[in-house]
Amino acid sequence: MSQKNNPLELYILGLIKKLDKYARLSRASGASYDIADINNEYLYIEAKQQLTKKNVTIDKNTWDKLLGEVPLHKAHLKPPVLIIENKFHDRFAVMDLEDFFRLLTKALK
């Protein structure tokens, strides 16, 4: 199934636009200079629907591809996050634990 402009991407875009009014879907969904699926100021967001699966699976190749696209000099400013939706439309955000605590620490200051 093509992931381009999937409903999950549109849902996430609606949420992130509340924080960044300039957020947008990436052009050509990863086939251009944009990194990840949703271009915004805060995170590199990759969205994957797993609508045939009951359980959520973090695909190592997808995660590694996202990490490989993130410029090393910007990774601490804008961490990557993988958002996954299963067949029950449960949605999960996955990110590196140290990135999570870095964001949490910044938010609590």
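The values are calculated or read from the model by the stated rules, or taken from the named source; none is laboratory data. Everything numeric in this text was worked out from a predicted model, so none of it was measured. Note that each Cβ is placed from the backbone with ideal geometry, even for glycine, and that neighbours are counted across all protein chains shown.
Does the range 80-96 hold any residues that are farther than 15 Å from Asn6 by Cβ and in contact with a strand residue (DSSP E or B) (Cβ under 7 Å, 6 or more places away or on another chain), and which are they? Before the answer, list the steps.
In the first step, residues of the range 80-96 are kept if they are farther than 15 Å from Asn6 by Cβ; the result is 80-81, 88, 90, 92-96.
Those that are farther than 15 Å from Asn6 by Cβ and in contact with a strand residue (DSSP E or B) (Cβ under 7 Å, 6 or more places away or on another chain): Pro80, Val81, Phe92, Ala93, Val94, Met95.
Does the range 49-90 hold any residues that are aromatic (Phe, Trp, Tyr) and loosely packed, with under 15 Cβ neighbours inside 10 Å, and which are they?
Keep residues of the range 49-90 that are aromatic (Phe, Trp, Tyr), which gives 63, 88.
Matches in the range 49-90: Phe88 only.
Got a sec? Which helices (runs of 4 or more DSSP H) wholly within the range 1-108 have at least 1 residues that are of a type in the set (S, T, N, Q)? Outline the logic, then answer.
On the way: elements: 7-16, 60-69, 97-107.
Answer list for the range 1-108: 60-69, 97-107.
Given (1) surrounded by fewer than 16 Cβ atoms within 10 Å (Cβ to Cβ); (2) touching an Asp or Glu at 6+ places or on another chain (Cβ under 7 Å); (3) under 14 Å from Ala93 (Cα atoms); (4) not aliphatic (A, V, I, L, M), identify the lone condition not met by Glu46.
All conditions are met except number (1).
Read through the list (1) in contact (Cβ under 8 Å) with a residue 40 or more places away in the chain; (2) out of contact with any helix residue (DSSP H, G or I) (no Cβ under 7 Å at 6 or more places or on another chain), then give the number of the only condition that Glu85 fails.
Only one criterion in (1) in contact (Cβ under 8 Å) with a residue 40 or more places away in the chain; (2) out of contact with any helix residue (DSSP H, G or I) (no Cβ under 7 Å at 6 or more places or on another chain) is unmet by Glu85, namely (2).
Are there any pairs, at least 6 apart or on different chains, whose C-beta atoms fall under 8 Å, with the first in the range 12-25 and among the small types (Gly, Ala, Ser) and the second part of a loop (DSSP other than H, G, I, E, B), and if so, which?
Ala23/Lys17; Ala23/Asn40; Ala23/Glu41
Between Asp59, Asp20, which is among the acidic types (Asp, Glu) and modelled with pLDDT of 95 or more?
On the way: Asp59 fails: modelled with pLDDT of 95 or more.
Every option except Asp20 fails the conditions.
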